[in-house]
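Undergrad: Before we start, here is the structure in question, set down as structure tokens.
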């Protein structure tokens, strides 16, 4: 929020959250001068001593021959990563900013858990198509599943109702009656960020992390989950 590219500050926030699984949106991988051409997911994962997978939503030619510049989402975790897939949304290619769904399978307490991170479009038509795609992927998994990200939707909206017909909103389950606003970080007045799960989990708690309000334009959302089947 102070126009500074400061990965140490981001890493500090994440470290003090004590999270075992982290989903990050708007991540640059050697993308441009704005992020000093750093592989941001790799840098943060090394600093936190975590495994990670990066999933691009935008890929462009780089300045050097054969080089590429990428932008997207990432999943970091302390748990062993078994495999990963990235699903670009291509419902209207090259018309609006590309989006994608990143999926990681991690081994947690002898369970294979599907972990997803996404960042959905503002455009209503695309938002609905992307939501339907995500729900189809999750329901086909038949695994304990966690779905995180900036959904660009409000609680109780038509899109939110579509999701919560099949998944649990962790904030709705255990947000202690507060609105759970995450944006903008200095004076939040909207809830755009969500963590959803399927019925394999019990939601123990949910919190908005307020360690540093200028590290990002969104405040992080956290939840504690217990695998129950």
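The values are calculated or read from the model by the stated rules, or taken from the named source; none is laboratory data. Bear in mind that the values here come from a model prediction, so they are computed numbers and not experimental data. Backbone-built Cβ (ideal geometry, glycine too); neighbour counts: all protein chains shown.
Undergrad: Answer yes or no as to whether residue 3 is within 21 Å of residue 211 (Cβ to Cβ) and modelled with pLDDT under 95.
TA: The answer is yes for residue 3.
Undergrad: In the stretch 1-59, what residues are within 21 Å of residue 193 (Cα to Cα), part of a helix (DSSP H, G or I) and touching a strand residue (DSSP E or B) at 6+ places or on another chain (Cβ under 9 Å)?
TA: Residues satisfying the conditions are 10, 14, 17, 40, 41, 44.
Undergrad: Please specify each residue of the stretch 197-229 satisfying the condition of being part of a strand (DSSP E or B), more than 30 Å from residue 3 (Cβ to Cβ) and either without any contact (Cβ under 8 Å) to a residue 40 or more places away in the chain or in contact with a helix residue (DSSP H, G or I) (Cβ under 7 Å, 6 or more places away or on another chain) (or both). Quick ask: steps written out before the conclusion?
TA: Taking the stretch 197-229 and keeping what is part of a strand (DSSP E or B), we get 197, 201-208, 221-227.
Checking which are more than 30 Å from residue 3 (Cβ to Cβ) leaves us with 197, 201-206, 223-227.
Across the stretch 197-229, the qualifying residues are 197, 202, 203, 204, 205, 206, 223, 224, 226.
Undergrad: Is it true that residue 107 is out of contact with any helix residue (DSSP H, G or I) (no Cβ under 9 Å at 6 or more places or on another chain), over 19 Å from residue 195 (Cβ atoms), in contact (Cβ under 8 Å) with a residue 12 or more places away in the chain and outside any strand (DSSP E or B)?
TA: Working: out of contact with any helix residue (DSSP H, G or I) (no Cβ under 9 Å at 6 or more places or on another chain): yes; over 19 Å from residue 195 (Cβ atoms): yes; in contact (Cβ under 8 Å) with a residue 12 or more places away in the chain: yes; outside any strand (DSSP E or B): no.
It is false that residue 107 is out of contact with any helix residue (DSSP H, G or I) (no Cβ under 9 Å at 6 or more places or on another chain), over 19 Å from residue 195 (Cβ atoms), in contact (Cβ under 8 Å) with a residue 12 or more places away in the chain and outside any strand (DSSP E or B).
Undergrad: All but one of (1) farther than 25 Å from residue 191 by Cβ; (2) in a helix (DSSP H, G or I); (3) within 16 Å of the chain's Cα centre (by Cα) hold for residue 140; state the number of the condition that does not hold.
TA: Condition (3) is where residue 140 drops out.
Undergrad: Sort out which residues of the stretch 151-175 are in a loop (DSSP other than H, G, I, E, B) and either modelled with pLDDT of 95 or more or over 18 Å from residue 201 (Cβ atoms) (or both), and write them in order of number. If you could, list the steps in order and put the result at the bottom.
TA: Going residue by residue through the stretch 151-175, those that are in a loop (DSSP other than H, G, I, E, B) are 151-157, 165-167, 175.
The answer is 151, 152, 153, 154, 155, 156, 157, 165, 166, 167.
Undergrad: Further, regarding this structure: For residue 89, all conditions in the list (1) modelled with pLDDT under 95; (2) surrounded by fewer than 16 Cβ atoms within 10 Å (Cβ to Cβ); (3) within 16 Å of the chain's Cα centre (by Cα) hold save one; what is the number of the exception?
TA: Condition not satisfied by residue 89: (2).
Undergrad: Considering only residues that are crowded, with 22+ Cβ neighbours inside 10 Å and in contact with a strand residue (DSSP E or B) (Cβ under 6 Å, 6 or more places away or on another chain), look in the stretch 202-229 and name the one that is farthest from residue 181 (Cα to Cα).
TA: From the stretch 202-229, those crowded, with 22+ Cβ neighbours inside 10 Å are 215, 219-221, 223, 225; that's our starting set.
Checking which are in contact with a strand residue (DSSP E or B) (Cβ under 6 Å, 6 or more places away or on another chain) leaves us with 219, 221, 223, 225.
Details: 219: 8, 221: 9, 223: 14, 225: 20 Å.
Among residues in the stretch 202-229 that are crowded, with 22+ Cβ neighbours inside 10 Å and in contact with a strand residue (DSSP E or B) (Cβ under 6 Å, 6 or more places away or on another chain), the one farthest from residue 181 (Cα to Cα) is 225.
Undergrad: Oh, and also: Give just the number: which of (1) modelled with pLDDT of 95 or more; (2) out of contact with any helix residue (DSSP H, G or I) (no Cβ under 7 Å at 6 or more places or on another chain) does residue 178 not satisfy?
TA: Going through the list (1) modelled with pLDDT of 95 or more; (2) out of contact with any helix residue (DSSP H, G or I) (no Cβ under 7 Å at 6 or more places or on another chain), residue 178 breaks only (1).
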